[in-house]
Amino acid sequence: MSLYVPGLRGPLAGVTPPPGFYFDNDAYYYYGELPNARRLQIGGAVVSNVKQRAYVDFVTPLWVTPLEILGGNLAFSVTVPFGAPYVSAGAVIAAPRLGRAFGFKQRDQDLTFGDPVASSFIGWHSGNAHWQAGVSVNIPAGAYQEGELSNVAFNRWIGDVYGALTYLDPATGLDISGSVGFEINGENDATDYDSGNAFHADLAISKSLTKELSVGFLASHYQQFSDDGGEGDRVGPNRGRVTALGGTVGYNFLIGQTPVSTRIKVLREVETDNRFKGTVGLFTVSFPLGGQAPPAAPVTAKY
């Protein structure tokens, strides 16, 4: 498992809003299974024939400051995840750190909090081009439980350095957004498992059909470029890889004078290696909390 979520950065990925405070909520759904009877290590236990159904919510307050660095606005955010993954394993092969094996057909589901993720980025604008450069850090302070199959927390330090670019044409409503990043993983101190480092990329192409409604295409790729390892690794030097394709629908509206942006994303993982293979669903709601400058001119696409 990785900090990177396929499709999380989609349309408008490179756009930084005006200085002020914002709220973002991402409701994440995932259903997948480990193909080809492969073995996987979860919470220190080696398991096979694994299926996962996860409901996780990512709550993110965002502050875009008026401070400019190299002509771009500096921003900060903190994401707090919580949820209840349901994980079933047809066979638990070994759990040596717990001094026992569990046997067969183990199931686990717990409502837990994940690790907080602190992020900072700088955003620039030039005509129809918008871009960001930022870093996110996963802080191992969540409710991780060794030996449990159901965990939202990673219990390891993770750094993610990324860049995102958006071309947004107000005249046509066309949005072409892309992002690339590098994920640097630390070791889980509870299991002595060291996850490998990875590269990830996202592409989103969307079009406004009306002033409120937009549709688009999504593509995501994640690939480790170094092996998993550590003293607690009992499944070999795995490298994870996943490619996902899907679509998105966005809808914007007003509640009083507050603009609200909503978006649904659905992606199917079409190719994987040493990872679960399944379907990703995301429902995002975003709105300003206050302190914003007067809004920019609205999109004037010809519909």
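The rows are residues; the columns are (1) at pLDDT 65 or above; (2) of a type outside the set (Asp, Glu).
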residue: 50; (1), (2): yes, yes
residue: 68; (1), (2): yes, no
residue: 73; (1), (2): yes, yes
residue: 87; (1), (2): yes, yes
residue: 100; (1), (2): no, yes
Residue check, residue 206 more than 21 Å from residue 77 (Cα to Cα) and not in a loop (DSSP other than H, G, I, E, B):
yes
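Yes/no per residue for (1) assigned to a strand (DSSP E or B); (2) within 14 Å of the chain's Cα centre (by Cα); (3) among the aromatic types (Phe, Trp, Tyr):
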residue	(1), (2), (3)
136	yes, yes, no
150	no, no, no
154	no, yes, yes
216	yes, no, no
Looking only at the range 108-119, count every residue that is open to solvent by less than 30 Å² (accessible area, probe 1.4 Å), part of a strand (DSSP E or B) and in contact with a strand residue (DSSP E or B) (Cβ under 6 Å, 6 or more places away or on another chain) and tell me the total.
3
Could we say that residue 191 is hydroxyl-bearing (Ser, Thr, Tyr), touching a helix residue (DSSP H, G or I) at 6+ places or on another chain (Cβ under 8 Å) and closer than 20 Å to residue 159 by Cβ here?
yes
Under 6 Å between Cβ atoms, which residue pairs at least 6 apart in sequence (or on different chains) link something in the range 214-227 that is open to solvent by 50 Å² or more (accessible area, probe 1.4 Å) with a partner that is at pLDDT below 95 and of a type outside the set (Phe, Trp, Tyr)?
223/241; 227/196; 227/237; 227/239
Within the range 247-260, is there a residue that is aromatic (Phe, Trp, Tyr), assigned to a strand (DSSP E or B), open to solvent by 20 Å² or more (accessible area, probe 1.4 Å) and within 23 Å of residue 153 (Cα to Cα)?
no
Scope the range 228-237; condition open to solvent by less than 30 Å² (accessible area, probe 1.4 Å) and part of a loop (DSSP other than H, G, I, E, B); matching residues
228, 232, 236
Name the single residue that is farthest from residue 133 (Cα to Cα) among those in the range 178-194 being among the polar types (S, T, N, Q) and at pLDDT below 90.
191
Please specify each residue of the range 156-183 satisfying the condition of being over 15 Å from the mean Cα position of the chain (by Cα) and outside any loop (DSSP other than H, G, I, E, B).
165, 166, 167, 168, 169, 174, 175, 176, 177
Based on what the data block shows, is residue 286 open to solvent by 40 Å² or more (accessible area, probe 1.4 Å), modelled with pLDDT of 85 or more, in a strand (DSSP E or B) and among the small types (Gly, Ala, Ser)?
no
Does the range 289-300 hold any residues that are in a strand (DSSP E or B) and at pLDDT below 90, and which are they?
290
Please determine whether any residue of the range 270-281 is open to solvent by 30 Å² or more (accessible area, probe 1.4 Å) and either over 25 Å from residue 183 (Cβ atoms) or aliphatic (A, V, I, L, M) (or both).
yes
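The values are calculated or read from the model by the stated rules, or taken from the named source; none is laboratory data. Bear in mind the structure is a predicted one, so any value in this text is a computation, not a measurement. Glycine also receives a Cβ, built like all others from the backbone with ideal geometry; neighbour counts cover every protein chain displayed. Side chains are part of the model used for accessible areas, which takes the heavy atoms of the whole protein and leaves out ligands, DNA and RNA. Shrake-Rupley method; radii C 1.70, N 1.55, O 1.52, S 1.80 Å.
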